[in-house]
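A.B. asks: Here it is, the structure, as structure tokens.
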Amino acid sequence: MYGVAMSVESPLLVLSEPMVLPHSSLDEQIMKIFTDIACIDYERPGHPERPQRVGATLERLETDKALGAVISKPLADATEFVELVHPYDFVKGLSRSQDFDADTPAHEGIETHALRSVAGALDAMESALAGEVAFSLLRPPGHHASAETAMGFCYLNQIAVAAKVGARKGLVVGVLDFDVHHGNGTEASVLGAEGILYTSVHQSPAFPNTGNHSRGNCKNYPIRPHGRRQDFADGVMRCLDDILAFGPDLIAVSAGFDAFRGDPLAQENLEGEDYFTFGRALKDTGVPTFSVLEGGYSDDLPQLVLEYLKGLS
Ligand SMILES: [Zn+2]
């Protein structure tokens, strides 16, 4: 388990309606941020996956005038597609009183929050396919959730659902997961799926202690803890090379920011500018790309997301 408790207070942005942030040039590609302030409405005190992650990030993006992002609430009907990954009974059973495990608390209404995260991924995917830069800034994260297991702060696997929807459209989908933890739920959900390649760079050993080997359409690049910053960054580029060799129509990114050197839940050493580099490398592929927020638990998360978005834009 992650097993790290934090309690950091940050001011929360009160977002009521979709808004357009100042845009530097009408000629630039539109950037869409899918978020909803309702996602901060649940919390287990002391838990690192805390409301301020999204609240403070949104506030940071707001104050960066050059970013020019359009902020929208997710509107997709997630219930229509969630069963591509999760059985209906599992989804309905998420709102329960008993914790799933020590990391993954029971929350009243978590089913609604998790479905909103799925909707954000689906809207971000459609936005990317329409030629926009798209990021889903919501919680809970999803890449540890498998068909019938909520774990690792995750309840429903939004990136797996979106990848499967993309594949069902006949698209070749490459998934890049640069969260510091292996996306075991995503791998389990897309293993053997036609038209989908899953790639992950992650710390090993670390939670959830999977992803030490590649298998089938799932390519894993484990990186030792306390390693060189460049080792993790090189792993991201290897994932991207694999994806490009797969001939993708669409790239789906599980964007976790917990390989940052200041993150309390892992022991990797990325700097903020590395996230800019990842964003720029994705942009340079020319392939429609959308990203969803996974982990990232340091107080620097807002700046790291901003760096990544600047790279993508
Ligand atoms: Zn993580």
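A.B. asks: Using heavy-atom solvent-accessible surface (probe 1.4 Å) with all chains present, what is the largest-first order of R139, R168, R116? Intermediate values should be presented prior to the final figure.
C.D. replies: Numbers: R139 0, R168 160, R116 40 Å².
Descending accessible area places them as R168, R116, R139.
A.B. asks: Follow-up. Okay, helix-only estimate at 222 nm for the chain: each DSSP H run of n ≥ 4 adds -39500 (n - 2.57), divide by all residues, round to 500 deg cm²/dmol; what do you get?
C.D. replies: Values: 8 runs with 98 residues, N = 313.
Value at 222 nm, helices only, nearest 500: -10000 deg cm²/dmol.
A.B. asks: Sorting check: for 95-108, 285-298, 177-190, which peptide has the highest mean count of neighbouring beta carbons within 10 Å, and how do the rest follow?
C.D. replies: On the way: 95-108: 14.8, 285-298: 23.5, 177-190: 27.6.
Sorting 95-108, 285-298, 177-190 by mean packing, highest first, produces 177-190, 285-298, 95-108.
A.B. asks: To the nearest Å, what is the center-to-center distance of region 181-210 and region 236-313, using C-alpha atoms only?
C.D. replies: Centre-to-centre (Cα) distance: 16 Å.
A.B. asks: Then there is this: At R0 = 45 Å, how high is the FRET efficiency between Y88 and R261 if r is their beta carbon distance? Nearest 0.05 is fine.
C.D. replies: Approximately 0.60, to the nearest 0.05.
A.B. asks: Please report, to two decimal places, log10 I(q)/I(0) for the chain at q = 0.07, 0.09, 0.11 Å⁻¹ as given by the Debye formula with identical point scatterers on the Cα atoms and no solvent.
C.D. replies: -0.22, -0.37, -0.58
A.B. asks: Moving on to the next point. Among P205, P87, P74, which one shows the highest mean-square fluctuation when the chain is modelled as a Gaussian network with alpha-carbon springs under 10 Å?
C.D. replies: In this elastic network of the chain, the residue with the biggest mean-square fluctuation among P205, P87, P74 is P87.
A.B. asks: Rounded, prolate or oblate: which fits region 24-108, taking a ≥ b ≥ c as square roots of the Cα gyration tensor eigenvalues, rounded meaning a/c under 1.5, else prolate when a/b beats b/c? Please report the intermediate quantities before stating the final value.
C.D. replies: Values: a/c = 3.65, a/b = 1.60, b/c = 2.27.
Oblate is the answer for region 24-108, as a/c is 1.5 or above yet b/c matches or exceeds a/b.
A.B. asks: Can you classify region 18-173 as rounded, prolate or oblate using the Cα gyration tensor, where a ≥ b ≥ c are the square roots of its eigenvalues, rounded means a/c under 1.5, and otherwise it's prolate if a/b beats b/c and oblate if not?
C.D. replies: Values: a/c = 2.60, a/b = 1.35, b/c = 1.93.
Taking the square roots of the gyration eigenvalues as a ≥ b ≥ c, region 18-173 is oblate.
A.B. asks: Mind listing the phi-derived Karplus ³J(HN,Hα) values for region 126-140, rounded to whole Hz, using 6.51, -1.76 and 1.60 with θ = phi - 60°, and x for any glycine or proline?
C.D. replies: 5, 4, 5, 5, 8, x, 9, 7, 9, 9, 9, 9, 9, 9, x
A.B. asks: Report the relative contact order of the chain, percent, no decimals, based on alpha-carbon pairs under 8 angstrom and at least 6 residues apart.
C.D. replies: Details: 755 pairs, mean separation 56.7, N = 313.
Dividing the mean separation by the residue count of the chain yields 18 percent.
A.B. asks: From the backbone phi of region 206-219, what are the Karplus-calculated ³J(HN,Hα) couplings (6.51 cos²θ - 1.76 cosθ + 1.60, θ = phi - 60°) in whole Hz, Gly and Pro given as x?
C.D. replies: Calculated HN-Hα couplings, in order: 5, 3, x, 6, 10, x, 7, 9, 7, 8, x, 8, 10, 9 Hz.
A.B. asks: Related question: Among DSSP bridges having both ends in the chain, what percentage is antiparallel? Round to the nearest 5. All intermediate terms of the calculation are to be shown ahead of the outcome.
C.D. replies: Values: 5 of 38 bridges.
That works out to approximately 15 percent antiparallel.
A.B. asks: Also, I was wondering about something else. For H107, what residues show an amide H to amide H distance below 5 Å, using hydrogens built from the backbone and excluding near sequence neighbours?
C.D. replies: HN-HN under 5 Å from H107: R96.
A.B. asks: Report the antiparallel proportion of the DSSP beta bridges in region 155-313 as a percent, rounded to a multiple of 5.
C.D. replies: Approximately 5 percent, going by the DSSP bridge assignments.
A.B. asks: Using a 1.4 Å probe on the protein chains only, how many percent of the accessible area of region 29-312 belongs to carbon and sulfur? Display every interim value, and only then the final one.
C.D. replies: Working: 4520 of 9650 Å².
Carbon with sulfur: 47 percent of the solvent-accessible area.
The values are calculated or read from the model by the stated rules, or taken from the named source; none is laboratory data. Here the structure is a predicted model, which is why all the values come from computation and not from measurement. Virtual Cβ from ideal backbone geometry, glycine too; neighbours counted across all protein chains shown. Keep in mind that these areas ignore ligands, DNA and RNA; they rest on the heavy atoms of the full protein, side chains included. Shrake-Rupley method; radii C 1.70, N 1.55, O 1.52, S 1.80 Å.
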